[in-house]
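Read the figures in this text as sums done on the coordinates, not as results from a lab. On a predicted model such as this, the values are computed, not experimentally measured, just so you know. All Cβ positions, even for glycine, are placed from backbone atoms using ideal geometry, and neighbour counts span all protein chains on display.
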Amino acid sequence: MDYFTEVKDVVTYEGPDSKNPLAYKWFNKDQVVAGKTMGETLRYAVAYWHTYKGSGADMFGVGTYDRPWDKGSSPLEIAAMTLDANFEFCQKLGVDYYCFHDRDIAPEGDTFAESCKNLDHVVALAEKKQNETGIKLLWGTACLFVHPRYACGAGTSSNLGVFATASSQIKHAMDATAQLGGENYVFWGGREGYDTLLNTNLKQELDSFASFLQMAVDYKKKIGFTGQFLIEPKPCEPTKHQYDHDSATVISFLREYDLIDHFKLNIEANHATLAGHTFEHELAIASNAGLLGSVDANRGDVMLGWDTDQFPTNLYDAVYAMMIIQKQGGLGSGGLNFDAKVRRASTDTVDLFHAHIGAMDTFARGLLIAQQIIDDGALDAEIADRYSSWDSELGKSILAGTCSFDELDAQVLSSGEPELRSGRQEYLENIVNTYI
Ligand code: XUL
Ligand code: CO
């Protein structure tokens, strides 16, 4: 069955002058930029949960979408139909990857064991579809936040039974991801945090969370899963405080518990803004630590203080993000996953195409502009010049740890006040605008 009848064939690149809403204006999959094709660099992925399982429901109202792949007679039939919709959608978009939570692709059963069985069943179907279409799994993950048992967390639960169930669920989700050749496995701690310190043993929760992740590392080794583990920071929502608050917090947690060699970060734009940071700040902190592994590409809304998960259309954000990604030589096994949903009032299935096409064009254009800025050294030369005093012997000695306060004191007392230099922010902002 054809679920997306509005798009007969594959969406193609028609160039910036095209007025065809169902064509790419900037994303030209085979175009080479900095030695790699756009497709190889951008590694776009469709998020299963929003694109097919999203209903349009919000906290004030029920679902608004009427999706043809939901019209099956049993949960497993609906799961199979949804899978077909996924592969048709990815093929028509020309996107090579998708991402899922275990409970997106397979329904909960009456018991935990039945849920595991459902997952095995759907994974076998997905494996077949992947082989037929060549569409791949960028990452899998476990949904440890919807089921009522996870109301107080999973790997940080006060209840050992819940912790054990979450561990078992992750084991099955990792098996599923490995079977489908997933290139990464993501940990987003949906409810790994607290709502009030009045009932929380903070140390116990952080310790148990570290054990949880360590067991995942051990299990990964055991089954020979070669994908990259990724932690996705988010400061809050649904909990008041989430332990994986932001890049810096996650990196320090991983160092404290000696897990740093086993994880990288999956940075989501809207989570950055919830943490009071810019998207590029979170990317830069992760990249600086050598830990930027993947991106959930979306955006929030400046007027709304929650995770609105909108499709990314802001060109500046894309340019700043792609400058960081290109400078570190790409995302490796990671990619750009559109963890984004169409608005509640965008009720046509074709809106899913418009949303993805716009986002893909935004990042493709962001890549082109970022690479041009990098190639021209338009900002790098300014930054190098700004820090040039550190190139001196004295600067080198400070950074090598061979200088002392006494030495600097003597130097300052003889040479006097340092030269005042402009940060030239406005000048640099104008330079960026000349590329946009
Ligand atoms: C929630 C979120 C998740 C993760 C995967 O805000 O971003 O969808 O990406 O669990
Ligand atoms: Co996300």
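With respect to the numbered conditions (1) more than 15 Å from Ala173 (Cβ to Cβ); (2) assigned to a loop (DSSP other than H, G, I, E, B); (3) within 16 Å of ligand 1 (Cβ to nearest atom), which one is the sole condition not fulfilled by Cys143?
Here Cys143 meets the rest and fails (1).
Every residue, every condition in (1) crowded, with 21+ Cβ neighbours inside 10 Å; (2) within 23 Å of Tyr65 (Cα to Cα); (3) in contact with a Gly (Cβ under 9 Å, 6 or more places away or on another chain); (4) in contact (Cβ under 8 Å) with a residue 12 or more places away in the chain, yes or no:
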| position | (1), (2), (3), (4) |
| --- | --- |
| Ile267 | yes, no, yes, yes |
| Asp296 | yes, no, no, yes |
| Gly305 | no, no, no, yes |
| Gln310 | no, yes, yes, yes |
| Met322 | yes, no, yes, yes |
| Gly335 | yes, no, no, yes |
| Phe338 | yes, yes, no, yes |
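Name the residues in region 184-207 that are surrounded by fewer than 18 Cβ atoms within 10 Å (Cβ to Cβ) and in a helix (DSSP H, G or I), would you?
Once the filter is applied, which keeps residues that are surrounded by fewer than 18 Cβ atoms within 10 Å (Cβ to Cβ) and in a helix (DSSP H, G or I), region 184-207 yields Leu197, Leu198, Asn199, Leu202, Lys203, Gln204, Leu206, Asp207.
Conditions (1) more than 30 Å from Ala47 (Cβ to Cβ); (2) of a type in the set (Asp, Glu), marked per residue:
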{"position": "Ala359", "(1), (2)": "no, no"}
{"position": "Ala364", "(1), (2)": "no, no"}
{"position": "Gln371", "(1), (2)": "no, no"}
{"position": "Ala378", "(1), (2)": "yes, no"}
{"position": "Arg386", "(1), (2)": "yes, no"}
{"position": "Asp391", "(1), (2)": "yes, yes"}
{"position": "Gly395", "(1), (2)": "yes, no"}
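Give just the number: which of (1) more than 16 Å from ligand 2 (Cβ to nearest atom); (2) not in a helix (DSSP H, G or I) does Ala45 not satisfy?
All conditions are met except number (1).
For region 6-28, give me each residue that is closer than 18 Å to Phe87 by Cβ and touching a residue at least 60 places away in the same chain (Cβ under 8 Å).
Those that are closer than 18 Å to Phe87 by Cβ and touching a residue at least 60 places away in the same chain (Cβ under 8 Å): Glu6, Val7, Asp9, Val10, Val11.
For the structure I just gave you, tell me whether Ser157 is crowded, with 20+ Cβ neighbours inside 10 Å, more than 16 Å from ligand 1 (Cβ to nearest atom) and either assigned to a helix (DSSP H, G or I) or among the hydroxyl-bearing types (Ser, Thr, Tyr) (or both).
So Ser157 passes the test.
Just to be sure I understand, how many residues within region 371-412 are closer than 30 Å to Gln31 by Cα and not hydrophobic (A, V, I, L, M, F, W, C)?
So the answer is 7.
What's the number of the condition Arg343 fails, among (1) surrounded by fewer than 19 Cβ atoms within 10 Å (Cβ to Cβ); (2) within 16 Å of ligand 2 (Cβ to nearest atom)?
(2)
For region 381-403, which positions are polar (S, T, N, Q), surrounded by 11 or more Cβ atoms within 10 Å (Cβ to Cβ) and more than 37 Å from the chain's Cα centre (by Cα)?
Selection gives Ser389, Ser397.
Asp375 fails exactly one of the following numbered conditions: (1) out of contact with any Pro (no Cβ under 8 Å at 6 or more places or on another chain); (2) surrounded by 15 or more Cβ atoms within 10 Å (Cβ to Cβ). What is the number of that condition?
Asp375 satisfies all of (1) out of contact with any Pro (no Cβ under 8 Å at 6 or more places or on another chain); (2) surrounded by 15 or more Cβ atoms within 10 Å (Cβ to Cβ) except (2).
Quick one: would you say Val295 is more than 22 Å from Phe363 (Cα to Cα), within 16 Å of ligand 1 (Cβ to nearest atom) and of a type in the set (A, V, I, L, M)?
It is false that Val295 is more than 22 Å from Phe363 (Cα to Cα), within 16 Å of ligand 1 (Cβ to nearest atom) and of a type in the set (A, V, I, L, M).
When you scan region 242-305 for helices (runs of 4 or more DSSP H) that lie fully inside it, which ones turn up with 2 or more residues that are farther than 16 Å from Trp188 by Cβ and either within 13 Å of ligand 2 (Cβ to nearest atom) or of a type in the set (S, T, N, Q) (or both)?
Working: elements: 247-256, 269-274, 279-288.
Those helices (runs of 4 or more DSSP H) span 279-288.
Within region 314-329, which residues are away from ligand 2 (no atom under 16 Å from the Cβ) and either aliphatic (A, V, I, L, M) or in contact with a strand residue (DSSP E or B) (Cβ under 7 Å, 6 or more places away or on another chain) (or both)?
Of everything in region 314-329, those that are away from ligand 2 (no atom under 16 Å from the Cβ) and either aliphatic (A, V, I, L, M) or in contact with a strand residue (DSSP E or B) (Cβ under 7 Å, 6 or more places away or on another chain) (or both) turn out to be Asn314, Leu315, Ala318, Val319, Met322, Met323, Ile324, Ile325, Gln328.
Could you list, in sequence order, the residues of region 364-411 that are touching a residue at least 24 places away in the same chain (Cβ under 8 Å) and in a loop (DSSP other than H, G, I, E, B)?
Answer for region 364-411, where residues must be touching a residue at least 24 places away in the same chain (Cβ under 8 Å) and in a loop (DSSP other than H, G, I, E, B): Ala378, Leu379.
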